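Some notes on the structure that comes next.
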């Protein structure tokens, strides 16, 4: 009987161990499913999904949307310079196509995540930069130009209110910015944004004399993660959106991308429509 009891006890212990092992395996498989689902969902969001040290760091490559046309190919031309003055652009006529344009100004804060954030967004912002902020940090902005295929525009050297300056002073601010960027980036800017959106007829003449095609203003802006509209309650086709290189860069850029999707719009390069 003692020998029989020993055999029975051993059999029970073995059975229990087998049940525990099966349960543990089921738990691992369930955990794998949750992790994979979390990673999959993360790839559709512009905000990375936080992961613990216990989760895998391997993710699938981001899925990029097909371009609505080959970016870099001119779709429309800037109005001609008339009377020696560069035209002022506030909105783009996209011919009914649901396109929107994002522009980023100044360059004061160089956000480390900008390169990947822009690349993964499938958008092509135009950068209107001040040489005052760019000087000494040319490599950062050249990476954005070369790796993200971005166009760099002119925003003056020091960001002054041009409307309060003489023609000669305005011309120096504008031309010196273009000269610096031609040297730093290998391309002379063709588009200009006046600081504060402030300009006069002398500004238009100075811009044209410095080889710039147009003064570019805006119809919406992003501040502290909120898209603000000059008219209406949503982005519209042809809107030019303003944001800045600030500490809230990630928050602001993400807000724009999400808002464009919400309003059924595709961001495309501004320079393609002001060729």
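The values are calculated or read from the model by the stated rules, or taken from the named source; none is laboratory data. Everything quoted here is computed from the prediction, not taken from an experiment. Neighbour counts run over all protein chains shown; Cβ positions are idealised from the backbone, glycine included.
Quick notes on this one:
- Flag for residue 238 being on the phi > 0 side of the Ramachandran plot and surrounded by fewer than 16 Cβ atoms within 10 Å (Cβ to Cβ): no
- Residues being surrounded by 17 or more Cβ atoms within 10 Å (Cβ to Cβ), in a helix (DSSP H, G or I) and under 24 Å from the mean Cα position of the chain (by Cα) - total across the range 181-209: 4
- Members of the range 125-149 that are buried (at least 20 other Cβ atoms within 10 Å of the Cβ) and touching a helix residue (DSSP H, G or I) at 6+ places or on another chain (Cβ under 8 Å): 125, 126, 127, 129, 130, 131, 134, 141, 144
- Residue 157 vs. criteria closer than 18 Å to residue 204 by Cα, touching a helix residue (DSSP H, G or I) at 6+ places or on another chain (Cβ under 9 Å), crowded, with 20+ Cβ neighbours inside 10 Å and in the same structural domain as residue 188 (by TED's automatic domain parsing): yes
- Figure legend. Inter-residue proximity from the range 229-243: first residues closer than 21 Å to residue 105 by Cβ, second residues at pLDDT 95 or above and exposed (fewer than 13 other Cβ atoms within 10 Å of the Cβ), beta-carbon distance below 7 Å, spacing 6+ or different chains. Indicated pairs: 238/93.
- Hits in the range 258-275 (condition: surrounded by fewer than 16 Cβ atoms within 10 Å (Cβ to Cβ) and farther than 14 Å from residue 123 by Cβ): 262, 264, 275
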